[in-house]
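One structure is given here, and the rest of the page talks about it.
The values are calculated or read from the model by the stated rules, or taken from the named source; none is laboratory data. Keep in mind that this is a model prediction, so the values were computed, not measured. All Cβ positions, even for glycine, are placed from backbone atoms using ideal geometry, and neighbour counts span all protein chains on display. Heads up: the accessible areas ignore ligands, DNA and RNA and are worked out on the full protein's heavy atoms, side chains in. Shrake-Rupley method; radii C 1.70, N 1.55, O 1.52, S 1.80 Å.
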Amino acid sequence: MNTSKSPEIPRHAHECVDAFLDGRLRLIQSKNGYRFSIDAVFLSTFVSIRPGDRVVDLGTGCGVMPLILLLQTSVDRVVCLAILVELASQAARNALLNRMGSRMDVVIGDILHPPLVEACADVVICNPPYRKRLSGRINPDPRRAIARHEILASIDDILSAAQRLLKKKGRFAFISPATRLAEVFGLLRRFDLEPKRLQINYPDLNSGAKVVLMEAVLGARPGLEVLPPLLGQGDFSISTPP
C-alpha cells in the first residue's frame, strides 16, 4: 500500500492517505491508530452481491468494505453504521475522496439500537470484534480495543441487529476466528440466520485455520456450501505506512 497526498479532501495531522487496489481506491486512515486489516478485504470480496442490492455495514471503520463493494460490484447503495465520530468522519471523507458520496451514507449510531428502518437491507456485512470482553489484554487505544474486543457489542448484539435490518431471505456476511466456529453456528440459528456459504482462511498449507468467512440467509432452509480454502493473504497484501 503506497501513501499519497490528497489536497482536495481535508485530513488531520495524524492521518494519511493510502492507495489501494492498484490505486483505484484511496483511503484516509490513521497513521498509527486503528487501520483496516486484510480481513475486511476478504469479507468484501466474499459476500454475495446481486444487482441493485442495498447493503448495511455494521461498524464500518474507515469505510473500506463499502468502498470496495461500490467499486467492484453492482450494489445500489451502502449505509455505514459507526459509533465513533472519528471513524465516521474518515468513512464519510473516503466516500467523497473516491467520488462515491451519492451511493454511500454514513450514520453515527449504536449496533445495539441501530437508527435504521427494519428490513431495509438486502445484505448486512460486519467485521466484528473477535475476542470476548474479558479475554486477553485490552488495547489502550480505544479504537483498536473496540475493534478487537466485544466492548460495545457482542456477537449476539450483532446478529440481533442483522436479523432486524435484513429483508426476508436477506444475506448476512461476516468473519470470525476459526476457534469460535461451533459457537457461531449455534448463535446464527438462534436468530433465524441459516449458514449457507463458508470459506476458511489458512496462513499456509501446514498451519491450522485462522479465520472463517461465513454468509447466512434469514429464514432459509439448511444447506451449506463450503468453498475452497483461502491461503495467506490471497491475492492481496497490506502494509503499514513508513
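Below are the figures for this structure:
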quantity: Selected residue (only one of D57, D53 is under 12 Å from the mean Cα position of the chain (by Cα), closer than 23 Å to L213 by Cα and either of a type outside the set (K, R) or open to solvent by less than 40 Å² (accessible area, probe 1.4 Å) (or both)); calculated: D57
quantity: Those residues of the range 18-46 which are among the charged types (D, E, K, R) and either within 21 Å of C126 (Cα to Cα) or in contact (Cβ under 8 Å) with a residue 40 or more places away in the chain (or both), in sequence order; calculated: D18, R24, R26, K31, R35, D39
quantity: Selection count where residues are among the aromatic types (F, W, Y) and in contact (Cβ under 8 Å) with a residue 40 or more places away in the chain, scope the range 184-236; calculated: 1
quantity: Matching residues, the range 177-226, being assigned to a strand (DSSP E or B) and open to solvent by 50 Å² or more (accessible area, probe 1.4 Å); calculated: K196, Y202, E225, V226
quantity: Which numbered condition L112 fails, given (1) closer than 30 Å to L224 by Cα; (2) open to solvent by less than 40 Å² (accessible area, probe 1.4 Å); (3) modelled with pLDDT under 95; calculated: (2)
quantity: The range 148-170, subset in a strand (DSSP E or B) and open to solvent by less than 10 Å² (accessible area, probe 1.4 Å), residue farthest from D57 (Cα to Cα); calculated: H149
quantity: Residue count for the range 21-36, restricted to those that are basic (K, R) and buried (at least 19 other Cβ atoms within 10 Å of the Cβ); calculated: 2
quantity: Where R93 falls short, out of the listed (1) of a type outside the set (G, A, S); (2) buried (at least 20 other Cβ atoms within 10 Å of the Cβ); (3) closer than 28 Å to T179 by Cα; calculated: (3)
quantity: Candidates V75, V79, filtered to the one that is in a loop (DSSP other than H, G, I, E, B), aliphatic (A, V, I, L, M) and either open to solvent by 10 Å² or more (accessible area, probe 1.4 Å) or touching a Lys or Arg at 6+ places or on another chain (Cβ under 9 Å) (or both); calculated: V75
quantity: Of residues in the range 37-48 being surrounded by fewer than 20 Cβ atoms within 10 Å (Cβ to Cβ) and not in a helix (DSSP H, G or I), the one nearest to the chain's Cα centre (by Cα); calculated: S37
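Yes/no per residue for (1) touching a strand residue (DSSP E or B) at 6+ places or on another chain (Cβ under 8 Å); (2) of a type in the set (K, R); (3) within 19 Å of E8 (Cα to Cα):
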| position | (1), (2), (3) |
| --- | --- |
| F46 | yes, no, no |
| G63 | yes, no, yes |
| I68 | yes, no, no |
| V79 | yes, no, no |
| A88 | yes, no, yes |
| A92 | yes, no, yes |
| A95 | yes, no, yes |
| S102 | no, no, yes |
| V106 | yes, no, no |
